[in-house]
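All of the numbers you see were taken from the coordinates with simple rules; none came from a lab. Since the structure is predicted, the reported quantities are computational estimates derived from the model, not experimental observations. Heads up, the Cβs are rebuilt from the backbone with ideal geometry, glycines too, and the neighbour counts pull from every protein chain shown.
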Amino acid sequence: MTYLVALLVIALGVAGVVYGGADDSPGLQLLGVVLVVAAVVYGVRAARRSR
């Protein structure tokens, strides 16, 4: 379940980066990158805890 949430947040972040690039919105791109990085960190921490 944890990995599914991380994947959904990554997909949302990637969509934000793509939409922000099309709309020329640097703020939306930054939020998308922050979401992707946070989801990756969350996923890695969850994977390390499960071991």
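For the reader, a short list of remarks on this structure follows.
- Taking every DSSP helix (H) stretch of at least 4 residues in the chain, weighting each as -39,500 (n - 2.57) and dividing the sum by the residue count yields a mean residue ellipticity at 222 nm of -32500 deg cm²/dmol.
- Relative contact order (%) - the chain, alpha-carbon pairs under 8 angstrom, separation at least six: 41 percent
- With Cα atoms, 0 to 90° folded angle of helix 2-23 axis to the chain main axis: 10 degrees
- Angle in degrees between helix 26-50 and the longest Cα principal axis of the chain, rounded to the nearest 10: 10 degrees
- Label zone at Arg51 (point 7 Å along Cα-to-Cβ), backbone N below 13 Å, region 1-39: none
- Shape parameters for the chain, alpha-carbon atoms, Rg then Dmax in Å: 12.3, 42
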